[in-house]
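Following: one structure in structure tokens, then a few remarks.
The values are calculated or read from the model by the stated rules, or taken from the named source; none is laboratory data. Predicted, not measured: the structure shown is a model, and the values here were computed from it. Positions of Cβ are backbone-derived with ideal geometry, glycine not excepted, and every protein chain shown enters the neighbour counts.
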Amino acid sequence: MSQRQNQNPYIWAGCGLLLGVSMAMMIQHTRLGGSKNATAPSPGSPLSRAALSRRMSDPLDGRSSSPSSFNLGPSNQDPASPKKFQNLRPDPHTASHSFSPLIGTIREISNRPDGAPILVVGIAGGSGSGKTTLAQAIYTALGRENNVTFISHDSYYKDLSSWTMAQREQQNFDHPNSLDTDLLVGHIEQLRSGSSVLIPNYDFSTHSRTAEKTVARPRRVILVEGILIFTEPRLTELLDVKIFVDTESDVRLIRRVTRDCQERGRSLDQVLDQYMRTVRPMHNEFVEPSKRQADIIVPVGINSVALSLITDHLKTALVEATGVQYLKTPFDEENKRERGAMSREVSAERLDLMNE
Ligand SMILES: Nc1ncnc2c1ncn2[C@@H]1O[C@H](COP(=O)(O)OP(=O)(O)O)[C@@H](O)[C@H]1O
Ligand SMILES: O=c1ccn([C@@H]2O[C@H](COP(=O)(O)O)[C@@H](O)[C@H]2O)c(=O)[nH]1
């Protein structure tokens with residue numbers, strides 16, 4: 001696709017619309033039928049707000065984020081909406097049916113016997129699929145540390161400091177046994193019962209835990225991310241909402257090569273060897289089949305339609321589960337301003353196109 005086409009808002013709007021419809025269908029389908037450290041997004045893969053905004057800068061981003069609005073297309077009132085989409089409204093039957101299964105999940109939360117007013121959200125997907133990126137966007141959208149605690153399963157890799165470096169490099173880090181999942185399960189249970197916990201810090205370049213630990217406090221949303229979190233029933237059953245980021249393997253491999261060479265001190269040969277030896281076979285054996293556990297499957301990684309569907313639902317879930325109205329945070333205002341700026345940019349671009 002040429003750069004010109006790439007910038008064409010009509011094409012982006014069309015893609016966004018299709019994604020929205022397919023998300024809705026997937027939510028319906030999956031429900032009916034079918035280092036990253038605690039409390040803050042990973043220091044290993046920091047993403048600035050600007051970078052996230054750039055990634056999500058499609059013309060449909062100007063939509064409302066109110067919990068009750070689930071626009072699958074631009075509204076008739078939207079001045080930035082291209083004419084050709086103005087009469088395309090979502091089928092109300094499809095839309096209401098599509099969202100009701102997740103509302104069912106929300107009701108389960110509010111009816112829990114332990115009455116825990118905490119929502120635990122799991123994000124799984126292959127290595128490099130974009131789990132952390134999506135988690136970071138949800139974290140921001142829900143008010144960051146005001147409301148959300150972020151935990152990566154990666155922090156719970158077993159400490160290999162007593163092994164030689166050669167032995168560590170041969171370890172299969174993509175098998176469930178390489179992680180101390182019991183510790184994570186215990187931590188989530190403690191957080192749900194209102195206690196803070198100490199999360200280990202893991203160093204990917206030495207395959208060992210560091211001396212420091214990070215405090216994780218119980219907040220209204222606990223976001224848990226990891227490649228294998230849907231493969232362990234005792235962990236999966238603690239997750240109130242399960243999201244799977246489904247990104248193609250070639251894209252994931254390219255991202256992994258870049259990240260592991262730049263951030264985890266690996267050579268290209270090491271990355272490719274590990275990929276063929278353990279990452280790929282374990283993905284096929286454990287990660288890919290665990291997709292069936294998901295409530296929501298997000299295609300192609302983070303995109304603005306998926307993000308607004310998910311965050312709107314989580315906000316509704318928070319209100320229903322806790323009985324407390326979602327507290328607006330300074331970030332809501334910030335997000336609104338960013339969306340406004342983006343839609344102004346898009347309008348300007350459309351004017352440019354019309355004038356051409
Ligand atoms: N939708 C996306 N588009 C482009 N790049 C992305 C997208 N999602 C993630 N990335 C990039 O891919 C890399 C891996 O993403 P990350 O969220 O860390 O994946 P994971 O946590 O699943 O391993 C990062 O460099 C991130 O910036
Ligand atoms: O010491 C280690 C521990 C883990 N890995 C690899 O990390 C990924 C999981 O992290 P993502 O952020 O989801 O990519 C997993 O595939 C392990 O192979 C490692 O290389 N070394």
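With A166, A135 as the choices, which residue is in a helix (DSSP H, G or I), small (G, A, S) and surrounded by fewer than 21 Cβ atoms within 10 Å (Cβ to Cβ)?
Of A166, A135, the one residue that is in a helix (DSSP H, G or I), small (G, A, S) and surrounded by fewer than 21 Cβ atoms within 10 Å (Cβ to Cβ) is A166.
Counting only residues that are farther than 21 Å from N303 by Cα and more than 16 Å from ligand 1 (Cβ to nearest atom), give me the strands (runs of 3 or more DSSP E) lying completely in the range 202-257 with at least 1 of them.
Hits in the range 202-257: 208-216, 221-225.
D159 passes all but one of (1) out of contact with any Ser or Thr (no Cβ under 6 Å at 6 or more places or on another chain); (2) not in a helix (DSSP H, G or I); which number fails?
That leaves (1) as the condition not met.
Could you list all residues from the range 275-298 that are within 14 Å of ligand 1 (Cβ to nearest atom) and within 21 Å of T206 (Cα to Cα)?
If the condition is that a residue be within 14 Å of ligand 1 (Cβ to nearest atom) and within 21 Å of T206 (Cα to Cα), then Y275, V279 are the ones that fit.
Quick one: would you say N177 is out of contact with any strand residue (DSSP E or B) (no Cβ under 8 Å at 6 or more places or on another chain), at pLDDT 95 or above and farther than 22 Å from V298 by Cα?
On the way: out of contact with any strand residue (DSSP E or B) (no Cβ under 8 Å at 6 or more places or on another chain): yes; at pLDDT 95 or above: yes; farther than 22 Å from V298 by Cα: yes.
So N177 passes the test.
Of the residues that sit in the range 182-201 and are of a type in the set (V, I, T) and assigned to a strand (DSSP E or B), which one is farthest from ligand 1 (Cβ to nearest atom)?
First, the residues of the range 182-201 that are of a type in the set (V, I, T): 185, 188, 197, 199.
Remaining after also requiring assigned to a strand (DSSP E or B): 197, 199.
Working: V197: 21, I199: 17 Å.
Step by step, filter the range 182-201, then rank; the result is V197.
Go through the range 286-307 and give me each residue that's surrounded by 14 or more Cβ atoms within 10 Å (Cβ to Cβ), assigned to a helix (DSSP H, G or I) and not β-branched (V, I, T).
F286, E288, S290, K291, Q293, S304, A306, L307
List, please: which pairs have Cβ atoms under 6 Å, are six or more places apart or on different chains, and start with a residue in the range 149-161 that is more than 16 Å from Q190 (Cα to Cα) and near ligand 2 (Cβ under 9 Å from one of its atoms) and end with one that is hydroxyl-bearing (S, T, Y) and at pLDDT below 95?
Correct list of pairs: D154/S35.
Tally up the residues in the range 217-266 that are under 21 Å from L198 (Cβ atoms) and crowded, with 22+ Cβ neighbours inside 10 Å, please.
Final tally of qualifying residues: 8.
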